[in-house]
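J.: Below is a structure I'd like to ask you about.
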Protein chains: 2
Amino acid sequence: MKNEKLAIRMAGEISLAENPGVVIKKWRDIFNISQKELSRKLQVSPSVISDYESGRRKSPGTKFVSRIVTSLLVVDEGRGGKVIKEYGKLMEGTKFFEAILAIKEFAEPRKIKEIIRVSESEFLVGEKNLDNAVYGYTVVDSVKAILELSPLELSMIYGSTTQRALFFTRVKRGRSPLLAIKLTSLRPSLVVLHGIEGSPDPLALELAKRERLPLAFSHVDTVENLVSKLRELD
Amino acid sequence: MKNEKLAIRMAGEISLAENPGVVIKKWRDIFNISQKELSRKLQVSPSVISDYESGRRKSPGTKFVSRIVTSLLVVDEGRGGKVIKEYGKLMEGTKFFEAILAIKEFAEPRKIKEIIRVSESEFLVGEKNLDNAVYGYTVVDSVKAILELSPLELSMIYGSTTQRALFFTRVKRGRSPLLAIKLTSLRPSLVVLHGIEGSPDPLALELAKRERLPLAFSHVDTVENLVSKLRELD
DNA sequence: TAAAGGTTACGTCATTTGACGTTTGTGAAG
DNA sequence: CTTCACAAACGTCAAATGACGTAACCTTTA
């Protein structure tokens with residue numbers, strides 16, 4: 001969907017509220033849509049909306065919440081999307097969240113070779129640092145990260161600790177990820193590429209050598225499996 | 001709550017998913033919590049969790065979603081908050097969202113005097129520009145905005161259009177809001193203060209004069225009423 | 001003062017949820 | 001080869017949802 005972030009925010013607020021009806025009303029007011037119009041879109045009678053907002057029904061199911069949120073967004077869209085546009089602007093800051101597939105800080109530091117083992121990876125550059133400490137890892141979708149994020153956001157992806165492993169998935173040949181690392185002056189203690197088609201890019205290798213970055217690529221078949229294998233650590 | 005943003009995201013994702021159980025499992029996996037442990041925290045039998053994750057029950061109520069999300073967060077907190085910390089970092093970008101109480105772009109431009117009328121305001125500075133055009137408004141909680149946001153975030157609050165009205169609520173005497181405007185070089189076409197206790201700060205008036213900013217203060221009793229009066233515009 | 005539009009309040013009823021306990025798979029760890 | 005822990009699969013049942021329709025209740029506005 002297009003307004004996913006706003007939708008998630010709305011649905012989340014409604015679900016966490018100790019009185020969901022109040023929050024439903026709040027959003028309906030923001031969108032300036034009457035109970036009647038909303039109910040028409042939802043294909044239910046207006047009293048249903050009222051029952052929720054007034055608190056007779058206290059815990060709408062996710063299906064219902066989802067329908068309400070979607071209806072509000074759809075109606076607004078039909079009116080030119082005024083509300084969506086305004087809020088959309090404000091939600092752009094959360095974009096980079098989507099590029100992050102997994103992130104974790106270890107209780108105990110791990111050695112690079114452990115990360116390599118568990119992620120079924122093979123070294124490309126820098127095999128000397130096998131025992132260096134790694135304090136956590138971040139797995140990013142490199143396509144989303146590189147295409148959609150600003151350099152500032154890119155650097156935010158990377159946690160505060162510097163000694164971390166950085167996994168890039170959906171990598172073609174490894175050029176852009178290494179370039180991105182150079183440009184954002186990130187200093188991960190290990191970079192792992194996943195999903196390489198064919199042979200790694202020579203420039204990528206050269207960059208890794210110059211920056212003295214240990215570089216590896218993972219043989220795990222799918223991104224999901226990579227993530228779940230990593231999760232086993234700690 | 002402390003991890004509100006993460007909680008909202010989780011609850012929102014679960015609620016919007018066309019199969020909520022899958023998303024519940026996803027988050028349970030991320031937090032590395034077994035069905036059993038989660039069920040203990042939730043005070044239900046483990047099969048309940050399983051029933052959801054496996055899809056037998058398809059649309060959990062908001063109460064249940066809320067309990068699950070909270071339990072996951074609480075368990076993680078008890079373990080030192082590893083996951084929360086990582087994700088928390090990533091959610092900080094959404095902080096400024098909370099400082100915004102209302103925001104809107106008009107279909108047709110309005111005149112300053114209309115904004116003044118509908119918001120029941122009185123001029124402090126700059127009564128000459130009554131007919132200037134205003135293309136939208138933003139209402140911010142000045143305490144949150146000034147205490148919690150960086151200058152960059154502060155300037156993001158302000159929409160893309162420059163000719164907008166900027167409302168500050170929970171204002172003490174108006175000094176900080178005007179200072180913030182000066183420091184972020186915002187150029188609203190109208191600034192309205194709400195909730196002033198006693199007389200406006202002389203420095204605020206001076207700043208407004210120097211910057212040639214039309215400045216007013218609103219008499220509306222509550223923030224809610226101010227927002228709903230503004231919503232009538234358009 | 002009616003009429004209109006929006007909202008609340010009920011009464012009713014089929015379908016689901018929320019919950020239990022027990023049983024049946026399924027890997028890892030001994 | 002067994003155990004153990006985890007998760008899936010049922011069967012069951014009271015309580016709540018999801019839904020309807022109608023009547024009552026406020027504000028505007030004609």
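Computed from the coordinates by the stated procedures, all read-outs in this text should not be read as laboratory data. Keep in mind that what you see is a predicted model, and the values were worked out from it rather than measured. FYI the Cβ positions are ideal-geometry reconstructions off the backbone, even for glycines, and counts take in every protein chain you see.
J.: In nm, what does the list of distances from B:Lys209 to its counterparts in the other copies look like, shortest first, when each label sits 7 Å along Cα to Cβ?
T.: Shortest to longest, the spacings are 7.0 nm.
J.: Further, regarding this structure: If I take the rotation axis that carries chain A onto chain B, which residue of chain A has the nearest beta-carbon, and at how many angstrom?
T.: A:Gly12, 2
J.: Can you pull a Stokes-Einstein diffusion coefficient for the range A:162-234 at 25 °C (0.890 mPa s), Rh from Kirkwood over Cα pairs, as a whole number of µm²/s? Working shown, then result.
T.: On the way: Rh = 12.6 Å.
Translational D for this selection: 195 µm²/s.
J.: For peptide A:56-68, compute the average count of partner chain beta-carbon atoms within 10 Å of each residue's beta-carbon. Please list the in-between numbers first.
T.: Working: counts 0, 1, 3, 7, 5, 10, 18, 6, 4, 10, 8, 0, 1.
Per-residue shielding by partner chains comes out at 6.
J.: Please compute the contact order of chain B in relative form: average sequence separation of alpha-carbon pairs under 8 Å and at least six residues apart, divided by the residue count, as a percent.
T.: Numbers: 351 pairs, mean separation 40.2, N = 234.
Reported as a whole number, the value is 17 percent.
J.: Follow-up question, since we're still on this one. What number in nm² do you get for the range A:96-232 if you take the convex hull of its Cα atoms and divide its surface by four?
T.: Numbers: hull surface 28.5 nm².
The directionally averaged projection comes out at 7.1 nm².
J.: Please report, in debye to the nearest 20, how large the charge dipole of the protein assembly as shown is about its Cα centre when each Lys and Arg carries +1 at its beta carbon and each Asp and Glu carries -1 there.
T.: Values: 76 positive and 60 negative charges, 62 e Å.
Using only the charged Cβ atoms, the result is roughly 300 debye.
J.: OK, next. Provide the three semi-axes, in whole Å and in decreasing order, of the ellipsoid equivalent to the range A:1-81 as defined by the square roots of 5 times the Cα gyration tensor eigenvalues. Show your work: numbers first, answer last.
T.: Numbers: eigenvalues 65, 46, 22 Å².
Value: 18, 15, 10 Å, ordered largest first.
J.: Please report, for B:Arg175, the nm distances (one decimal) from its label point, 7 Å out from Cα along the beta-carbon direction, to the equivalent points in the remaining copies, shortest first.
T.: Those separations, rounded to one decimal, come out as 5.8 nm.
J.: Turning to a different aspect of this structure: Positive end of the charge dipole of chain A (Lys, Arg +1 and Asp, Glu -1 on Cβ, about the Cα centre): tell me which of A:Ile116, A:Thr169, A:Trp27 has its Cα farthest that way.
T.: A:Trp27
J.: Working from the alpha-carbon coordinates of the range B:60-147, get Rg over Rh, Rh being the Kirkwood radius.
T.: On the way: Rg = 21.4 Å, Rh = 17.3 Å.
Dividing the radius of gyration by the Kirkwood radius yields 1.24.
J.: Using the 7 Å Cα-to-Cβ label point, sort the distances from A:Lys128 to its equivalents in the other copies shortest first and give them in nm to one decimal.
T.: Result for A:Lys128, in nm, nearest copy first: 7.2.
J.: Counting pairs of alpha carbon atoms under 8 Å apart in space and at least six apart in sequence, what relative contact order in percent does the range A:1-122 give? Please report the intermediate quantities before stating the final value.
T.: Working: 80 pairs, mean separation 33.6, N = 122.
Relative contact order, the range A:1-122: 28 percent.
J.: Right, something else. Among A:Ser218, A:Ala204, A:Leu186, whose Cα projects farthest towards the positive end of the dipole of the range A:182-234, with charges put on the beta-carbon of Lys, Arg (+1) and Asp, Glu (-1)?
T.: Comparing the listed Cα positions along the dipole, A:Leu186 ranks first.
J.: Using only Cα atoms and rounding to the nearest 10 degrees, what angle (0 to 90) does helix A:62-78 make with the longest principal axis of chain A?
T.: Taking Cα atoms only, the helix is inclined about 80 degrees.
J.: Let me ask something else. Could you calculate the contour length gain from A:Arg79 to A:Leu130, that is, 0.36 nm times the residue separation minus the distance between their Cα atoms, to one decimal place in nm?
T.: Details: separation 51, 0.36 × 51 = 18.36 nm, distance 5.92 nm.
Additional length available on full extension: 12.4 nm.
J.: Hey, another quick one. Would you mind working out the magnitude of the charge dipole of the range B:1-84 relative to its Cα centre, with +1 at each Lys and Arg C-beta and -1 at each Asp and Glu C-beta, to the nearest 20 Debye? Kindly include the intermediate steps, with their values, before the conclusion.
T.: Values: 16 positive and 9 negative charges, 27 e Å.
About 140 debye.
J.: Quick one: check the C-alpha center-to-center distance for the range A:109-125 versus the range B:192-234, whole angstrom.
T.: 59 Å
J.: Hey, what D do you get for chain B in µm²/s if you plug the Kirkwood alpha-carbon radius into Stokes-Einstein at 25 °C and 0.890 mPa s?
T.: On the way: Rh = 20.3 Å.
Result for D is 121 µm²/s.
J.: Across the protein assembly as shown, what fraction of all alpha-carbon pairs, as a whole percent, falls in each successive 20 Å bin from zero upward?
T.: Once binned at 20 Å, the Cα pair distances of the protein assembly as shown give 22, 46, 29, 3.
J.: Rounded to the nearest 20 debye, what is the charge dipole size of the range A:5-143 about its Cα centre when +1 sits on each Lys and Arg Cβ and -1 on each Asp and Glu Cβ?
T.: Working: 24 positive and 19 negative charges, 163 e Å.
Result for the range A:5-143 is approximately 780 debye, rounded to the nearest 20.
J.: Nearest-5 percent of antiparallel DSSP beta bridges in chain B?
T.: Numbers: 11 of 24 bridges.
About 45 percent, rounded to the nearest 5.
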